[in-house]
Each structure stands twice: as structure tokens, then as C-alpha cells.
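*Asks:* Here it is, the structure, as C-alpha cells.
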Amino acid sequence: MPEVEVRLTQVYKAFGGDATGRRVAKYTDPNEAGLIVAVDHIDLEVQDGEFFSLLGPSGCGKTTTLRMIGGFEQPTSGKIELAGQDVTWLPPYKRNVNTVFQNYALFPHLTIFDNVAFGLRRRQVPEAEVRQRVSEMLTLVELPGYERRKPGQISGGQAQRVALARALVNKPAVLLLDEPLGALDLKLRKQMQLELKRIQQEVGITFIYVTHDQEEAMTMSDRIAVMNRGHYEQLGDPETLYERPATAYVAGFLGVSNLLPATLGTRDGDYVAATLADGATVRVPSSVVEGKSDIRIGVRPEKIRLSKEGAVIPDRMNRLEGRVVDASYLGASTSYVIESKSGERLTVFEQNVERTSHGSLHRPGEDVLLAWSPDHTFAVGTDRAAPTQASTTA
Amino acid sequence: MALLRSRRAIPYLLMAPGLLWLLLFFVIPNVQMLVFSLSEGTLRTGFTTPPDVWDIENYTGSISKFSGNFSNSIVYGGLATILCFLIGYPLAYAIAFKGGRWKNLLLFLVIAPFFTSFLIRTISWKIILGNDGPVLAIARDVLHLVPANFSIIGSPLAVVGGLTYQFLPFMVLPLYVSIEKVDRRLIEAAQDLYAGPWRRGGMIAGALFGAFALIALQVGLGYGAFIGEDAAPAAVAAAALVGALVGGLVGAFLISQSFIRVTFPLSLPGVFAASILTFIPAIGDYVNPQLLGSPKTQMVGNVIQGRFLDQNDYPIAAALAFLLMAGILLAIFLYAKLLGTEELTGGTA
């Protein structure tokens, strides 16, 4: 059983009314006038050696949460523990935590070597050991031979590695990363994602990673907390979050999802019957609707099979009738927009393996049957609105 | 083609008024001065100029004859620059980091004295520090800190104090600009990397500065002369002790490692610019020593002024002016070598 490395208990952070221009969530506390809430009573446990991500749009409180763990902000109330020790009120320099800052924050007046050695020297590590540990760390991030350069003389990707080395060389209990790849171009970002994961596995240090990029979080994380308006909506491994989102917000933030209002019916073994707006009945795993009454059922676009009207579909599949509204060719797949009889629009991705030479398999205006496995069906409550897609790709 | 050619001429046209100004009021007068500095005679007797005579004696003779004034200039100008720095850096730092929405008002207050004439402000100090002024009224008559025959006006400290006051804005503004530019995230990064309070170092640095400042104050006031030779060493020791205690406490609690390792090094280009901007006018000043000093505290500027305007001895005055200019240029050159600014700002690839 891995130990809990970081524990947040009912952590709440509100900024005063003059917080304009600060990086905080822009909604006010319903209970206390004039306060702007950044983090709203979060409970969180991060395990030792875990790659943990805080994922959410800008203003959701993820950076403030990270800054409180790092000691740059103090919570208004609540408690933060590191390896069992209460650090809520300790300044950053007394915490066994290091940070990789968003824009690297390398010291421009110091060489790469002195940048990486900074933390060790502040802790009075003997100079011979400093030299050895710095050169080991520069080898780990694949930058040996850069010791004498200044931060102004290296590229963005290299600066990123130096920032990582500067933090990791101190062997912190937890490494905090605040959107560290945000300033890099797409190709370099993909490469650094894999490298970060490799380094994390090599050093075995707990990483807490803040990002607004769902793909980045999914690629690297062991667990993700999807944040919205100061708290997290769901916490789990990437697969659970994608396959079984608990809220419409999570379903919309991680990939594309189709959500349909439904009325729950009778239970039948492991499944519960649900009636859709057009009268069709689908089956939903009973585990995903437990405790929910007013629901929308959801299915991911790539889980749906399209067939011509009148095709035979096995009884165990969920089915829905619809008409193709739009078809867009995306290379590897085709994206269809289908309108159901009750007027809901669904997105369907179909791999282009069966594609004919004269265009899409299904044409706009054509009536089609949608089929998907009941096991691929999830359910979300109707209490929260789904975020707009635009916020996921900022 | 004609358009292209005229466009290329635009930068030169823009520079023309400035260049013309410099030619008329800087280059020509300086050539004139150079000629005077090698000439013989006075305004009354008329001048014998090069190439008829090359009077190097004007230079060599002046150095030895006015060495006291030169050393006064260097010591007072240097001390005023150091004092300006000690006062100005904390001030600029506070405005840049803690000023908040009062920043602009505070900066305005720093330059507000400029709205009054330089001369009027110096004369005001003469009154404030004078034998019938409020400072001595309190220190002498109320607190009995100093003997009855004690006076501030006429002491080297009064001159240095006046210079410090006059040129403080020249120190504060460039410092403010460079401190303001320091990226706050770098300070957070330093704290993240275990840069905490700078207890021991801050205590030592603060104690040294404090002791130095109080000893300088005593010596500068010529306090020893008033209380007698025997008591002087004890007074100096007491001043050193008090200064070290106060400075040590301030240093230990106010100076952090992130300041010493990050903020201060990154503001060094500003320190360089500010100290030059302060030192150059301070070393050449003649108003403060004349109004606040005594015959013993005259600086080179006073001698130049006297030779030019009272004695009409243009050759010696011009030679002194050139000597001062050469000295300042040499000092700046050495200072730039010592504090090479490119190294400090990280340079560019």
C-alpha cells in the first residue's frame, strides 16, 4: 500500500475584492460578499511516487492549488500535509518540495551549472557533492556539456530541461510542475511528455502536474483530478475518466461526448433500462447510474457503429434511429453529425477502413441506424452544464 | 529612387539638430578650453596661445598645488554616492516592490525637490543646519548632545550631506527602473530552492555597514575636535558598537538570500548607471562646498569657478577642468571593467 505523500484537507482559498488581475477564478463566494474564490474546500490525497495531474481550464483553481502546496500562497482555511507533516504555514524554503515554473524562471545571471546547483548550495551541500549531483542531473536531462552557458544562450526545450534538473537535483519529496510545456511548440511538447514520464519513472519522485491540456494529462498521468470552479468534479485514472465520466463537465472536457436526456426504467440484471426522448429504450450498466435519478446517458463518438436503415443489429446492442446531417472527411476517420428523431445531434467517428472511392459511406440526408454496446454507455447527472469545447483547446 | 534616397536621409535629418547643438555648445567650447589649458596669461594681460606656447606646467603644477581640493572632490563625491546608494536602494526597492498603487505618487515625491531651484534648496539647508537652525536647537539646547560651540555648517559632513541630498533622485530613479524589472517569479524560484533569510551574512554585512556609517558620521562632523583628543577614541568605539548592533539587527532580519543571490545581482546594471549619474555631478559640484562648507572643504569645482570668474585665470581653470574630466573618464572606465554590465544581465547568444 503506497503512502500518502501530499494530503489536502478542506483547503479553501479566497482572495479579497481587490484581486483583479491576479490569476484566480472569477466567481464570488455565495456566502461571503466581496470574496473571490479560487479553491473551494478541496480534499485530495496524492500517493507516494504517483504522477498526479490537476486538469482544468484557466481560472479553475489548479495553479492556486499548486502554489499552496509549494508555499507561495496560504490557504484561507484548511490544512496541507507533506509526508504526514503539517506544512500549511511553512514558507517555500522550508518545504521539501520543488517547482518547475511555467516560464522556467531560470536565473538569467547564473550559468546553467549555477542554476542547477542553486538549491544544493543554499542547503550547504559540500561543493564536491554539488558538482557530482549537478553533472548527474544534467546527464539525466540529456544536457551534459552545457554547464557554462547562460539561460539566454539555450533554446526553450533546453531551458525546460534545465528547469527540471534544477528542481530534481534537490531530491524533493514532491515535484510541482505548473504547465511546464506550455511555451513549447507541439512537436517538442509531445517529445517532452514522453521524456517527463521517463524521468519520473527513473527518479521515482511524486509529480503533481498542472495543465489545461487533456491529452497531455492523459498521456502522462497515473491519476487526474478534473477541476472546475475551485473544486474537482472527478478524480481517477485516465481510462476511467474517459470511459466513465461522472459529470457532463468531465465528459465534455476529456474528448467529445454525446449526451442524451433519459428516464430511468426497470433494472434487468447488471443493466438498467433507460428511455430516450424519441421513445427508444437503451440499456445502461447499473453501476454508472447508482445514486443518480435525473440523468443524461452518454456515449463516445468512436463507440458508435453506423449502418444503413433496415440493417440487422444484435439485440444486445443499444440502438437509435437518425439521419445524417453532415459528414466531414478527417483522413484516418470520418466525422458524422447525426440528428435523432427527437432532434438531438450526435457526433460519430468512423474509421475509414471500409471507405469507398466515391466518397463517404453515408451521405447527408440518409437515414441510418446507430448502434453501440451497453457497456460503452455512461450516465451523468443533469445538474451541471457541459463546458464549451473551445475551453479544452486553449 | 528619389523617395528611397530621401527616406535614407531621414535618420540623419532627425539627428541634425542634436549634432549641431553638440558641435556648437560642446565640441567647440571644449576645443577652446583645450587651447586655453595650454596657454599662458590672464584676461587682463592677454593670452599667448599654442602654437606659440605649449604650457604643460598648467597641468603638472595644478595637480600638486590643488591636490587637497582633488582629494576633497573624490572623497566627498565618493561618500555622497555611497550614502545615496545606502539611502536610495532601500527606497527604490520599497517603491518597486511594496509601492502598490502609490508607486507613481512616491516616484513623484522623489523628484518633487527638482521643482525648486538648486540654489534655494542648498540655502535652505544652510538655514536648517545653521547655528541658529532647528537641528542644533534640538541637539544642543534641548538634548545637550553636543557642546555649545559645536556647529554643523563648515564640516565635511555638511558638504557630503548636501551632495547626498541634491543627487539622491539621480540614484533612486535608475535603481527603481532596474529593480522594477526584476521578474518576481525568479524570487519565488529562489525561495522554492531553499533561499531563506540571510541571518549570518546579513548580520555581518549589516554590522559592518552600520559601524562604518556611524564612524563616518562622527569623523565627518569633526566631533572629536570638540570633545578633546582623549575622549575621541572612546567616542569612535561607542559609535562603532552602536552602528554594528543596529546594522547587524537590520541586516539579519531584513536581508534574505533571494535578495543577495537574485534581486541584487539582477539590479546591478541599475546600480552601475545610478552611481555614475550620481558620482559625476557630485564630484564636480561647487555650490554645496561653498554654501555648506568652510575654506578647508573646498572641492575642485570651487577652484575652477574661482579661477574662471574671480581671477580670470583661464589657463589654470581650463587645465583643472580637463584634469577632472580625465579623472572621471578613467574612473568610469575602471568601474565598467569591474562591474562589466553585459556579464551581469546574462548577455545574448
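Quick note: the coordinates plus some simple rules give every number you see, no bench work behind them. Everything numeric here is computed off the predicted structure, so don't read it as measured data. Every residue, glycine as well, gets a Cβ built from its backbone with ideal geometry; the counts of neighbours run over all protein chains shown.
*Asks:* Below 8 Å, C-alpha to C-alpha, sequence gap of six or more: please give me the relative contact order for chain B in percent.
*Replies:* Working: 415 pairs, mean separation 89.7, N = 349.
Relative contact order of chain B: 26 percent.
*Asks:* Could you check which residue among A:PHE52, A:PHE253, A:PHE118 shows the biggest mean-square fluctuation in a GNM of chain A with a 10 Å Cα cutoff?
*Replies:* Greatest mean-square fluctuation among the candidates belongs to A:PHE118.
*Asks:* Past the 28 angstrom mark, what percentage of all C-alpha to C-alpha distances in region A:4-243 do you count? Please report the intermediate quantities before stating the final value.
*Replies:* Working: 9158 of 28680 pairs.
Tail of P(r) above 28 Å: 32 percent of Cα pairs.
*Asks:* Peptides B:81-90, B:242-251: what's the order by average Cβ count within 10 Å, highest mean first?
*Replies:* Values: B:81-90: 20.5, B:242-251: 18.5.
My ranking of the peptides, most packed first, is B:81-90, B:242-251.
*Asks:* List the residues whose amide H sits under 5 Å from the amide H of A:VAL6, counting only those 5 or more places along or on another chain, with H placed 1.01 Å from N in the peptide plane.
*Replies:* Counting only residues 5 or more places away or on other chains, the set is A:VAL46, A:ALA83.
*Asks:* In addition: Under the rule a/c < 1.5 gives rounded, and otherwise a/b versus b/c splits prolate from oblate, where does region A:279-350 land using the Cα gyration tensor?
*Replies:* Prolate, since a/c reaches 1.5 and a/b exceeds b/c.
*Asks:* Let me check against my output: what whole-number percent is the relative contact order of region B:197-255, with C-alpha pairs under 8 Å and at least 6 apart?
*Replies:* Numbers: 87 pairs, mean separation 38.3, N = 59.
RCO, region B:197-255: 65 percent.
*Asks:* Given axes a ≥ b ≥ c from the Cα gyration tensor, I'd like to know whether chain B is rounded (a/c under 1.5), prolate (a/b larger than b/c) or oblate. Write down the numbers at each step before the final one.
*Replies:* Working: a/c = 2.01, a/b = 1.13, b/c = 1.78.
Cα axes put chain B in the oblate bin.
*Asks:* Using R₀ = 51 Å, calculate the FRET efficiency as 1/(1 + (r/R₀)^6) where r is the Cβ-Cβ separation of B:LEU143 and B:ALA336; round to 0.05. Could the numbers behind the result be given before it?
*Replies:* Details: r = 46 Å, r/R0 = 0.90.
Between B:LEU143 and B:ALA336 the formula returns 0.65.
*Asks:* If you don't mind, another one. Could I have the simple spin-label model distance between B:GLU180 and B:VAL75, label points 7 Å from Cα toward Cβ, reported in nm to one decimal?
*Replies:* Here the answer is 3.8 nm between the modelled labels.
*Asks:* May I pose another question? Expressed in whole Å with the largest first, what are the equivalent ellipsoid semi-axes of region B:167-275 derived from the C-alpha gyration tensor as the square root of 5 times each eigenvalue? The partial results should precede the final answer.
*Replies:* Values: eigenvalues 235, 73, 10 Å².
The three semi-axes for region B:167-275 are 34, 19, 7 Å.
*Asks:* Just grab the label-to-label distance for A:ASP375 and B:PHE114, each label 7 Å out from Cα along the Cβ direction, in nm (one decimal).
*Replies:* Between A:ASP375 and B:PHE114, the label points sit 7.8 nm apart.
*Asks:* With an 8 Å cut-off on Cα pairs and a minimum separation of 6 or more residues, tell me the relative contact order of region A:4-243 in percent. Spell out each step's value before the answer.
*Replies:* Working: 482 pairs, mean separation 65.5, N = 240.
Computed value for region A:4-243: 27 percent relative contact order.
*Asks:* Something else now. Distances over 14 Å make up what percent of all Cα-Cα pairs in region B:167-223? Can you show the working numbers first?
*Replies:* Values: 1185 of 1596 pairs.
Of the Cα pairs, 74 percent sit more than 14 Å apart.
*Asks:* Place a point 7 Å from the Cα of B:LEU43 along the Cα-to-Cβ direction; which residues of region B:288-312 have their backbone N under 16 Å from it?
*Replies:* From region B:288-312, the list is B:303-312.
*Asks:* So for region A:164-276: antiparallel DSSP bridges make up what percent, rounded to the nearest 5?
*Replies:* Values: 10 of 15 bridges.
In region A:164-276, DSSP labels about 65 percent of beta bridges as antiparallel.
*Asks:* Then there is this: May I have the extent of the alpha carbons of the protein assembly as shown along their three principal axes, as whole Å values ordered from largest to smallest?
*Replies:* 125, 75, 53
*Asks:* Roughly how compact is region B:197-255, stated as its Cα Rg over 2.2 N^0.38 Å to two decimals?
*Replies:* Dividing the Cα radius of gyration by 2.2 N^0.38 Å gives 1.25.
*Asks:* What FRET efficiency do you get for A:THR263 and A:GLN74 if R0 is 45 Å and r is their Cβ-Cβ distance, rounded to the nearest 0.05? Display every interim value, and only then the final one.
*Replies:* Details: r = 48 Å, r/R0 = 1.06.
The formula returns an efficiency of 0.40 here.
*Asks:* Over 23 Å between Cα atoms, which of A:LYS79/B:LYS98; A:LYS150/A:LYS197; A:LYS292/A:LYS341; A:LYS171/A:LYS197 qualify?
*Replies:* Details: A:LYS79/B:LYS98 29 Å; A:LYS150/A:LYS197 27 Å; A:LYS292/A:LYS341 26 Å; A:LYS171/A:LYS197 17 Å.
As for pairs spanning more than 23 Å Cα to Cα, those are A:LYS79/B:LYS98; A:LYS150/A:LYS197; A:LYS292/A:LYS341.
*Asks:* Expressed in nm², what is the orientationally averaged projection area of the convex hull enclosing the Cα positions of region B:1-139?
*Replies:* Values: hull surface 75.1 nm².
Quarter of the Cα hull surface area: 18.8 nm².
*Asks:* Between region A:96-111 and region A:233-303, what's the alpha-carbon centroid distance in Å?
*Replies:* After rounding, the separation between the Cα centres reads 43 Å.
*Asks:* A further question follows. Give me P(r) over region A:30-116, computed from all C-alpha to C-alpha distances, binned every 10 Å, as integer percentages.
*Replies:* Binned Cα distances yield the sequence 13, 40, 32, 13, 2, 0.
*Asks:* Run the simple label-point estimate for A:LYS94 and A:GLN124 please: 7 Å along Cα→C-beta, distance reported in nm.
*Replies:* Simple spin-label model gives 1.7 nm for this pair.
*Asks:* Given C-alpha coordinates of region A:249-392, what is the ratio Rg to Rh with the Kirkwood estimate of Rh?
*Replies:* Numbers: Rg = 15.3 Å, Rh = 15.8 Å.
Ratio of gyration radius to Kirkwood radius: 0.97.
*Asks:* Provide the FRET efficiency to the nearest 0.05 for the B:SER67-B:GLN305 pair, computing r from the beta carbons and using R0 = 30 Å.
*Replies:* Values: r = 18 Å, r/R0 = 0.61.
About 0.95, to the nearest 0.05.
*Asks:* Can you give the Rg and Dmax of region B:218-317 based on its C-alpha atoms, in angstrom?
*Replies:* 20.6, 57
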